[in-house]
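> First, the structure itself, so that you have it in front of you.
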Amino acid sequence: MKYITFLTIVFLVFSCGSKTEKDKADTKPKPLMSVAEKHQKTVGVKRHFLKSVKNWSSLKAVDSFLVKYRNISPNEALNNALELKDLVKKLKDTIKPEIFDVPSFGARVNILYNETLRLVDLKEIPAIKAYEVNDQVAKTIAAFSAVNIKINTVLLKNKLEDEVKVEINHVGLDSTKIDAISKETINARLLEKRASNKKKQVLKTTKE
């Protein structure tokens with residue numbers, strides 16, 4: 001009887017010890033390289049311009065891939081870095097819509113590509129810190145936002161120029177015979193006129 005009691009006590013002690021060790025393991029903080037970090041959402045192409053880039057597959061591929069970087073651990077970010085770099089290289093090297101075939105846009109894509117290269121390089125550093133990876137992820141996301149901001153700027157400028165051409169034609173001017181300075185003046189006056197008309201419309205609506 002005493003022997004059975006002794007075995008029972010020993011069993012209970014070991015069981016409690018194992019449970020305590022398990023509880024300690026469960027509450028032990030994860031290594032920082034495995035802790036997911038929330039990052040800023042990329043600035044996207046404005047909704048009313050999406051039609052202009054709907055067939056730009058390489059841009060859409062990068063945009064879709066970067067969604068997973070909104071909430072990602074440093075380890076996962078590094079594991080996906082090579083694929084991200086390849087997608088950005090494709091965006092850099094493939095044919096783009098003609099309106100974006102300008103040095104200023106190419107410069108932003110090059111910056112984005114360089115940031116993805118740095119992210120890939122971090123994989124080769126044995127003692128890399130989690131915050132260093134997180135910082136590089138943030139820079140990469142910001143670089144892609146800059147690409148989309150440039151897209152919005154180019155499309156907006158193109159839209160305004162088209163509107164100005166329509167208005168110039170409407171008043172009977174030949175835009176091919178207008179020098180750069182005159183055109184800038186006309187553009188400025190037309191924009192002022194639209195702003196003035198919009199203000200009058202707001203005042204009229206307010207009075208009503």
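Any read-out appearing in this document is the output of simple, stated calculations on the displayed coordinates, not a laboratory observation. Quantities reported herein were computed from a predicted structural model and do not represent experimental measurements. As a convention, Cβ positions derive from the backbone with ideal geometry for all residues, glycine included, and neighbour counts pool all protein chains shown.
> Over the stretch 44-159, what number does the Rg to Rh ratio reach, with both radii from the alpha-carbon atoms and Rh per Kirkwood?
On the Cα set of the stretch 44-159, Rg over Rh gives 1.00.
> Once the Cβ-Cβ distance between Ser57 and Glu192 is put in as r, and R0 is 35 Å, what FRET efficiency do you end up with, to the nearest 0.05?
0.30
> Along the Cα→Cβ direction, 7 angstrom out, place labels at Thr94 and Phe65. What is the inter-label distance in nm?
According to this spin-label approximation, the distance is 1.1 nm.
> Something else: Separation of the stretch 128-155 and the stretch 112-127 by C-alpha centroid, Å?
14
> Amide H neighbours of Glu37 under 5 Å, at least 5 residues apart or on other chains, H built in the peptide plane: list them.
Answer set, sorted by chain and number: Ile72, Ser73.
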